[in-house]
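Before any comments, here is the structure.
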Amino acid sequence: MSETLKKIPLINKLVYLLAIIILIAWVVPNIITYINNMKGYKEHNQELQKASSKYAITAPTKAFSPTVFQEEIKPLFSKVNITELGQKKYEVAIQIKKEDLKKLKGFIETISLRYYVEIIQPLKLDAKEETINLKITLKAL
C-alpha cells in the first residue's frame, strides 16, 4: 500500500486530504444537527398528539378569522368581543361564569391546536362576584 501512495502525485494527495477535512468539518456536524432536530420534532409531535387526544381534537388546525373564531367560541362563554389591534394582532375579551372555569382552561390549552395563533402573554384576568373577565392578545400566524 505504501508503494501505491508513493506513486500518487502530491496534488492528488492534497485534494483527498481536503475532501476528508471538508467531510469532517462540514458534513458531520450538519448530520448531527439534523438528527437532533428530528428528535426534537418527534418529541414536540408526541406532545401535540397527547394534547389533541386529551381534548378530542380531530379537526385540522385552521387559519385565524376573527368572525369565524367569535362564532365558534360564543357557545362556550357568556360574552365574547374581538378587537383588531393591527399587524395581525387581536384582543379577545371573554366573560365567563366562575362555575365554567374548566371550559376556560381547556380553551386556553387548545387554542393553538385549533387555530394558527400565538397567545401573547400576559393574560389579563379580572374576577368579579359571579364572573371572570379575561383579555387575551392573539397574533394570527
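The values are calculated or read from the model by the stated rules, or taken from the named source; none is laboratory data. Keep in mind that what you see is a predicted model, and the values were worked out from it rather than measured. For neighbour counting, all protein chains shown are included, and Cβ atoms are generated from backbone atoms with ideal geometry for every residue, glycine included.
The residues listed here are 15, 28, 80; of these, the one that is under 20 Å from residue 117 (Cβ atoms), out of contact with any His (no Cβ under 9 Å at 6 or more places or on another chain) and free of Cβ contacts under 8 Å to residues at least 24 places away in the same chain is 80.
Of the numbered criteria (1) within 30 Å of residue 81 (Cβ to Cβ); (2) in a helix (DSSP H, G or I), the one residue 59 fails is (2).
For residue 51, the conditions (1) part of a loop (DSSP other than H, G, I, E, B); (2) touching a residue at least 40 places away in the same chain (Cβ under 8 Å); (3) not aromatic (Phe, Trp, Tyr) are fulfilled apart from (1).
Pairs linking a residue in the stretch 113-141 that is free of Cβ contacts under 8 Å to residues at least 40 places away in the same chain and farther than 17 Å from residue 77 by Cβ to a residue that is surrounded by fewer than 15 Cβ atoms within 10 Å (Cβ to Cβ) and hydrophobic (A, V, I, L, M, F, W, C), with Cβ atoms under 8 Å and 6 or more positions apart or on different chains, are 118/141.
Here the condition is being surrounded by 12 or more Cβ atoms within 10 Å (Cβ to Cβ), in contact with a strand residue (DSSP E or B) (Cβ under 9 Å, 6 or more places away or on another chain), modelled with pLDDT under 80 and among the small types (Gly, Ala, Ser); of 78, 112, 52, 65, it holds for 112 alone. Here residue 96 meets each of (1) in contact (Cβ under 8 Å) with a residue 12 or more places away in the chain; (2) surrounded by fewer than 16 Cβ atoms within 10 Å (Cβ to Cβ) with one exception, condition (2).
Taking the conditions (1) farther than 29 Å from residue 133 by Cα; (2) at pLDDT 85 or above in turn, residue 47 satisfies each one other than (2).
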